[in-house]
Amino acid sequence: MTDVFETEPYQRYLEGLERGVLVYQHCNECHKAIFYPRPGCPFCGALDLQLRDSKGSGTLYSVSVVHDKTQNYNLVLVDLDEGFRIMSTVPDCEAPSIGARVKGRVEQLPEQEPRVVFDLCEGVQE
Ligand SMILES: [Zn+2]
């Protein structure tokens, strides 16, 4: 089995990050959202997948606070409005609440791979 991180669709994901966009796939057969991008639909096996840009808006599905030697940070699972889930972090809040609305952005730190992180939406429903 091919590692998803070596596939051409995953490269499209990295290219999305470089232009500041979180991309995912839409299956034209079963109409489910797929993430990470991959060659075939994990739900129905179709190869007819369409790359789409996510708006980055979602809801926190789970939150784990990690206690490191030097700092605490969180690992979250975010349910994006488009229907897929991503593991990420909310860097500006140590322990965000499950169910909170969040907005993704691409964080590019020096000498690191770009990644998607999330900010809390302050009481604004989009
Ligand atoms: Zn499918």
List the residues whose amide H sits under 5 Å from the amide H of A100, counting only those 5 or more places along or on another chain, with H placed 1.01 Å from N in the peptide plane. L60
Taking the 0 to 90 degree range and rounding to the nearest ten, how far is the long axis of helix 8-18 tilted relative to the main principal axis of the chain, both from C-alpha atoms? 40 degrees
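Where both partners of a DSSP beta bridge lie in the chain, what percent of those bridges are antiparallel, to the nearest 5?
Numbers: 29 of 29 bridges.
That works out to approximately 100 percent antiparallel.
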Accessible area per residue for the chain in Å², computed with a 1.4 Å probe and the full protein assembly in place, what is it? 61 Å²
May I ask you to give the percent of accessible area on the range 1-40 that is carbon plus sulfur, with a probe radius of 1.4 Å? 46 percent
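Please compute the alpha carbon radius of gyration of the chain, then divide it by the globular-protein estimate 2.2 N^0.38 Å. Two decimals is fine.
Numbers: Rg = 15.3 Å, N = 126, 2.2 N^0.38 = 13.8 Å.
So the Cα radius of gyration is 1.10 times the expected 2.2 N^0.38 Å.
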So, in nm, how far is label E122 from label E107 when the simple model puts each one 7 Å beyond its Cα toward the Cβ? 1.9 nm
For the range 4-30 versus the range 74-126, the gap between their alpha-carbon centres in whole angstrom: 18 Å
Leaving ligands, DNA and RNA out of it, work out the accessible area of T59 with a 1.4 Å probe and give it in Å² to the nearest 10. 40 Å²
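Go ahead and estimate [θ] at 222 nm for the chain from helices alone: -39,500 (n - 2.57) per DSSP H run with n ≥ 4, summed, over the residue count, rounded to 500. If you can, show how the numbers build up before the last one.
Values: 1 runs with 11 residues, N = 126.
Estimated from H runs of four or more residues: -2500 deg cm²/dmol.
Using Cα-Cα distances under 8 Å and only pairs 6 or more residues apart, what relative contact order does the chain have, in percent? Write out the running numbers ahead of the final one.
Working: 257 pairs, mean separation 24.4, N = 126.
Once normalised by length, the contact order is 19 percent.
The values are calculated or read from the model by the stated rules, or taken from the named source; none is laboratory data. Treat the numbers as computed from the prediction; the structure is a model and nothing was measured. Because the Cβ atoms are built from the backbone with ideal geometry, glycine has one as well, and the counts that use them run over all protein chains shown. Protein only, heavy atoms only, side chains kept; ligands, DNA and RNA dropped before computing areas. Shrake-Rupley method; radii C 1.70, N 1.55, O 1.52, S 1.80 Å.
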